[in-house]
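Following: one structure in structure tokens, then a few remarks.
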Amino acid sequence: MAWTLTVTELNDYVRRALASDPSLRFLSLRGEISDFKRYASGHWYFTLKDEQSRIQCVCYRQYAQRVDFAPESGMKVVLTGAVGLYTVSGSYQFYVETITRDGVGELYLKLEALKNKLLKEGLFDVAKKRELPLLPRAIGVVTSRSGAVIHDIATVTRRRYPAMQIILRPAQVQGEGAAEDIAQGIAEIAMVPQVDVIIVGRGGGSLEDLWAFNEEIVVRAIAACPVPVVSAVGHEVDVTLSDLAADVRAATPSAAAELCVPERDALAATIQKMQESLGRAAQSKVLTLQSRLAYYEKRLAACHPSVQVQGMQARAQLLRQRLQSAMEKQMTARRAKITLLTDKLNALGPRQALSRGYAVVRAGRNAVTSVGQVTDEMTLLLQDGRVQVRTLDIRKEDPFGQEASDV
């Protein structure tokens, strides 16, 4: 009679069967890591693959802490652990206990070689990165028409700025021919006149899934694009060469939309603040100019000819008064000096001598001061008149000698 089991019972039976097989308990696997993810819990989840097959792997924190290098997609490794079944999902996986290096995967080597080449050419130069426009006329998007990327971008854009135009250029984002289609899509969308910024991206995946965005043709198309490009490839932990070449890298397509599209309300509030600030600045400028105008008007009024004439007249009047005062002082001083000199002259002059009984003898118009100048007739000048005299005798001697004493 056939068993009738629940799904849980079946999964649990298979789990025990795998766990009881000793050949599956201590097993070593060789392969290449793909789609490697680290979680905040400390656990690692990834896929191990070879040329034909792949298996899901999990390395819990207690084992991950013992690994002495940082695993990443593209590395070739050797794992030891056990095969088991995760009963909740019924998924068959490998539980890793140790990880050792086994060389580097071909894709990883190819990626590093191309990265170094383009790095030397300056395609990833930070100085060449352009700022995103504050309010683009339209956003160009290069991605799959059916993927979640365009839906996420549209949802965020409608929420932040409903009137923003989104122009989609559908592109193949995975598989053969994807890189060429993406590069051509970037060139085409950049030719649309109203497109001011371009978002290029896709959802997350393994290194192989994202490989189109590591192709040289796509990286060069992004670097040569005439408008700013935002790369939104994979999830936050995924980094492609397109991310390095883009002007801005966004962790997710939704984050890319937030970078490209401003919030309408916030933008309106910013504009309102700028208008208020501009109004205050204009008012302050007008008041400053009015103050300067009043100052120059006052200076101009002070320079008016009538004011200048009045000032000159007042100054002339003041100078006239000062000149008059100076002249009066000079006249008074000179009069006093003349009086003083007159008194001195009078004191030393002949009139005083005449009043004391002396006489001035003149022969003709010349004063006689010596007997040698005596003539027959001379004039005596006395205090109150003149006397004409004749010379009777001339003696040359001391006039105040014996005769004088006799007198």
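Coordinate-derived values only; no laboratory data. Note that the coordinates shown come from a computational prediction; the quantities given were computed from them, not determined experimentally. Note: ideal-geometry Cβ built from the backbone for every residue, glycine included; neighbour counts use all protein chains shown.
Shown for Y92, Y296: other C-beta atoms within 10 Å of each C-beta, ranked fewest to most, produce the order Y296, Y92. Take the Cα of A17, step 7 Å toward its Cβ, do the same at H43, and the gap between the two points is 2.5 nm.
According to the Kirkwood relation over distinct C-alpha pairs, the hydrodynamic radius of region 225-326 is 20.8 Å.
Which trypsin sites (Lys or Arg not before Pro) in region 4-35 pass both tests, a DSSP loop state and at most 13 other beta-carbon atoms within 10 Å? Intermediate values should be presented prior to the final figure.
Numbers: sites: R15, R16, R25, R30; in loops: R25.
Loop-located and lightly packed - R25.
Counting only DSSP beta bridges with both residues in the chain, the antiparallel share comes to about 65 percent.
Based solely on its DSSP helices, what 222 nm [θ] is calculated for the chain when runs of n ≥ 4 H residues each add -39,500 (n - 2.57) and the sum is averaged over all residues, nearest 500 deg cm²/dmol?
-14000 deg cm²/dmol
Cross-link partners for K76 among the aspartates and glutamates, with Cα-Cα distance under 14 Å and sequence neighbours closer than 8 places in the same chain left out: E32, D35, D50, E51, D102, E106.
Provide the three semi-axes, in whole Å and in decreasing order, of the ellipsoid equivalent to region 351-406 as defined by the square roots of 5 times the Cα gyration tensor eigenvalues. Each step should come with its number before you reach the end.
Working: eigenvalues 71, 56, 19 Å².
Equivalent ellipsoid of region 351-406: 19, 17, 10 Å, largest first.
The Cβ shell under 11 Å around S254 holds other residues with a net charge of 0, Lys and Arg each +1, Asp and Glu each -1.
Once the Cα atoms are used to define both axes, helix 264-302 deviates from the longest principal axis of the chain by about 10 degrees. Beyond 36 Å, the tail of the calculated P(r) for the chain holds 63 percent of the Cα pairs. Note on region 7-104: dipole from Cβ charges, positive end direction compared against V96, L79, A40; the farthest Cα belongs to A40. Gain in length, N346 to T8, computed as 0.36 nm per residue apart minus the alpha-carbon separation, to one decimal in nm? Length gained, N346 through T8: 105.8 nm. For region 7-104, the alpha-carbon coordinates run over 40, 30, 21 Å along the three principal axes, in decreasing order.
Region 193-285: which GluC sites (Glu not before Pro) are DSSP loop and have at most 11 other beta-carbon atoms within 10 angstrom? Walk me through the numbers on the way to the answer.
Numbers: sites: E208, E215, E216, E236, E258, E263, E276; in loops: E208, E215, E236, E263.
Counting only loop positions with at most 11 other Cβ atoms within 10 Å, the GluC sites (Glu not before Pro) in region 193-285 are E236.
With a cut-off of at most 16 other beta carbons within 10 Å, and DSSP calling the residue loop, which trypsin sites (Lys or Arg not before Pro) in region 302-407 qualify? Please list them. Mind showing how you got there, number by number?
Values: sites: R315, R320, R322, K329, R334, R335, K337, K344, R351, R356, R362, R365, R386, R390, R395, K396; in loops: R356, R365, R395, K396.
Sparse-neighbourhood loop trypsin sites (Lys or Arg not before Pro): R356, R365, R395, K396.
How big is the charge dipole of region 98-247 about its Cα centre, in debye rounded to the nearest 20, if each Lys and Arg gets +1 on its Cβ and each Asp and Glu gets -1 on its Cβ? Can you show the working numbers first?
Values: 16 positive and 20 negative charges, 123 e Å.
Dipole of region 98-247, to the nearest 20 debye: 600 debye.
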